[in-house]
Each structure stands twice: as C-alpha cells, then as structure tokens.
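Structure record follows, encoded as structure tokens.
The values are calculated or read from the model by the stated rules, or taken from the named source; none is laboratory data. Here the structure is a predicted model, which means the values were calculated and not measured. Note that we place each Cβ from the backbone using ideal geometry, even for glycine, and neighbour counts take in every protein chain shown.
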Amino acid sequence: MIRELLCQLVSFYVLLIIIRVISSWFPANPNGPFGQVVRLVFRATDPVLLPVRRAVPFAGPLDLSPIIVVLFLNIVVQQFILGC
C-alpha cells in the first residue's frame, strides 16, 4: 500500500516536471490564473531541478536537467527502489 502511494507520488512529480517544461514554452501573465498555476509548479519542482541544473552544463540553449531528473525518477526510483 505504501509502495503504491510512493509510486503514484513519483509519477505525479514527473507529471509536474513535464508541465513545467511545456509551460516554459508559453509565457504566461504572472497575475492571471495560468500564471499562478505555473508559479506553483515552478515552486514544487525547483528544489529538485536547480541542483541538477547547477551540476550539469548547458547543452547550448537546452536545459537538460528535467530530462535527467525524469530519467532518474523513472529508472532508479520507480524501477529499482520501489519496483513500480
């Protein structure tokens, strides 16, 4: 039961990262409802993405930190640790 809950939480966090990446392509009004949702997503994902972003060099204009974090969460956490 706890393992399934943790698997769902990791999946939800991966979804938040994907939402962050997609929302970064479309500028939002910070005072509008979409801007508030985007700000909440950024606050939720920054604690994980910022340290990875500092450790990994940029590949031109691309930020590889979301890809690295999603792969880590899917492969290491979900497959090896939790066995989802």
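Quick notes
- Filtered by the rule that a residue be in contact with a Ser or Thr (Cβ under 8 Å, 6 or more places away or on another chain) and of a type outside the set (A, V, I, L, M), segment 6-30 gives Tyr13, Arg20.
- Restricting segment 1-33 to residues that are more than 26 Å from Cys84 (Cα to Cα), touching a helix residue (DSSP H, G or I) at 6+ places or on another chain (Cβ under 8 Å) and exposed (fewer than 15 other Cβ atoms within 10 Å of the Cβ), the residue that is modelled with the lowest pLDDT is Pro30.
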